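The values are calculated or read from the model by the stated rules, or taken from the named source; none is laboratory data. This one's a predicted model, so the numbers in the text were calculated from it and none came from an experiment. Using ideal geometry, Cβ is built from the backbone for each residue, glycine included, and neighbour counts are taken over all protein chains shown.
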Amino acid sequence: MADSNVVLSVAGLSKYYAKVKALEDITLDIRRGEVLALCGENGAGKSTFIKMLTGAEVPSKGTITFKGVTYHSLDPAKSMELGIAAVYQEFSLIPYLSIAENIFYGREIKFKSGILNLKEMYRRAQALFDDMGMQIDVRKRVCDIGVAYQQLVEILKAVSRNPEFIILDEPTAPLTVKETEIFYNIVRRLKERQTTILFISHRLEEVFALCDRVAVFMDGHFVTVKEIGELTMKSLISHMVGRDISGDYPAPTKTSSEVVLEVKHLTNEKVHDVNFVLHKGEILGFGGLVGAGRTETMRAIFGADPVHEGEILFHGQKYKPSTPRHALRVGIGLIPEDRKAQGVILGLVIRENVVFSSLPRYLRGGFIIDSRKEHNAVSAYIKELSIKTPSMEQLVKNLSGGNQQKVVLARILSTECDILIFDEPTRGIDVGAKQEIYNLMCKLADAGKSIIMISSEMAELIGMSQRLYVMSEGKITAELQKPEFSQELILEKASIGRAHNQPHVAVSASA
């Protein structure tokens, strides 16, 4: 007899793509009203698993049982009809519609005449947001609210369908401290309603704060499921990666006083009178709040945004950035925050992405690609960065987020730049991949490369930076040396010049 407390179970669930086993023989019971975390490194099979639950992918074998009825596969319409909802990492909102119109998109409230009843849609949407503790005017257009609030709208769009089972895939990745608290409140309200939540997050402190149990996948296989009280942070990480992760931040072994980049009075529409220096072999951090100007400063140095005033010296010579191509040619590379939109070309294979920015290096006679040289170089980067792929001919869109990030790194490393700017280098990737990126940054610094790192993870910013600048309102408000680093001091300096009612802090105290 089936356990009446189990709302969804899978048995022998597997998914194969040609010769690649994305998921194999998963058997798992999920209880009614629980928050179950699904943890694992990038490429563990988490995304494939949830796509089969929502009907976005058809299992190669195995069954899904929901509320006592067994299915060999689901389609999106059937999944939704059953009461299964999902919030994916990619937004599905329509920017120029209001929040309320997005909430009811596809199931609009209408008068008998067929005309939209906007007043009723606004009323119901506002009641939902108020009930969940989110104070916002639902008549606002989605494009007029920040990314963090867009994520919360996406979540409440799913909640508005009153699902019995909701999947949240990295829901807090774009959230700041204030919005994360709102999200916690939403989860608590859903638990009170006995809604079952499957929660996927690389922020393990959230797993311990919100979840009742944790299921772990590794390399497409089920590893374990544990009550949250049976786990520590260290033991969970060990289950996820199959090895011990120290949790300590590595540090470069070499130091230099040689200045490789000096920025004087840099000014444009977003930043004002920015001054800083970067030394050879240094990992230099940039902290601040949302909209502080960190990304905009680096985009200006990289030639992606204009420079209206000021001077930049690169190895003591005047450097006037004109385009990203020019910056790469000079020796300045940027690994962008939004890897999917700006870092990789999803429709190309790994090999094409890696050599994209350094193609002239692989030309023979100026016209013909030296295939052997290209193959050897790409193979070396795949090995060095531990990119998990069956082949360099794998489409980048089929890689996990962490492996996509490594492809971006490989592309920039192939240009052999002296200065590497990492903008949120570990956002949305797992603890094992984070450690690999930290080690790589130190290895690059020891090889004489200079690193600038923008990070909204406070522990990462403090742990990896040898020195850091804090920005607020487009200006640098502090330069801090390693012994001075503390979360309180950084937040204090990051709040200078901002109104006290602007709580959009872009930091998290994750380990």
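Some points to look at:
- If you check SER79, SER98, SER113 for being within 25 Å of ILE200 (Cα to Cα) and hydroxyl-bearing (Ser, Thr, Tyr), only one passes: SER79.
- Here GLY310 does not fit the description of being touching a His at 6+ places or on another chain (Cβ under 9 Å), assigned to a loop (DSSP other than H, G, I, E, B), more than 16 Å from LYS482 (Cα to Cα) and touching a residue at least 12 places away in the same chain (Cβ under 8 Å).
- Strands (runs of 3 or more DSSP E) fully within the range 1-53 counting 2 or more residues that are more than 30 Å from ARG189 (Cβ to Cβ) and touching a residue at least 12 places away in the same chain (Cβ under 8 Å): 6-17, 20-31
- Candidate set from the range 213-267 (those that are basic (Lys, Arg) and closer than 30 Å to LEU420 by Cα); member that is surrounded by the most Cβ atoms within 10 Å (Cβ to Cβ): LYS264
- Residues of the range 51-78 satisfying the condition of being on the phi < 0 side of the Ramachandran plot, of a type in the set (Gly, Ala, Ser) and more than 26 Å from the chain's Cα centre (by Cα): SER60, SER73, ALA77
- Extreme residue, surrounded by the most Cβ atoms within 10 Å (Cβ to Cβ), among residues of the range 95-131 that are assigned to a helix (DSSP H, G or I) and among the small types (Gly, Ala, Ser): ALA100
- Of residues in the range 257-278 being assigned to a loop (DSSP other than H, G, I, E, B) and either of a type in the set (D, E, K, R) or modelled with pLDDT under 90 (or both), the one farthest from LEU461 (Cα to Cα): GLU269
- Boolean, ILE155 is within 19 Å of the chain's Cα centre (by Cα), of a type outside the set (Phe, Trp, Tyr) and under 30 Å from GLY287 (Cβ atoms): yes
- Answer from ILE30, ILE26 - the residue that is more than 25 Å from LEU399 (Cα to Cα) and at pLDDT 95 or above: ILE30
- Residue ID - nearest to PHE356 (Cα to Cα), chosen from residues in the range 419-444 that are assigned to a helix (DSSP H, G or I) and in contact with an Asp or Glu (Cβ under 7 Å, 6 or more places away or on another chain): ALA433
- Any chance LYS140 is basic (Lys, Arg), closer than 29 Å to SER400 by Cβ and surrounded by 14 or more Cβ atoms within 10 Å (Cβ to Cβ): no
- The set of residues in the range 37-78 that are surrounded by fewer than 20 Cβ atoms within 10 Å (Cβ to Cβ), in contact with a helix residue (DSSP H, G or I) (Cβ under 7 Å, 6 or more places away or on another chain) and farther than 17 Å from GLU164 by Cα comprises ALA56, GLU57.
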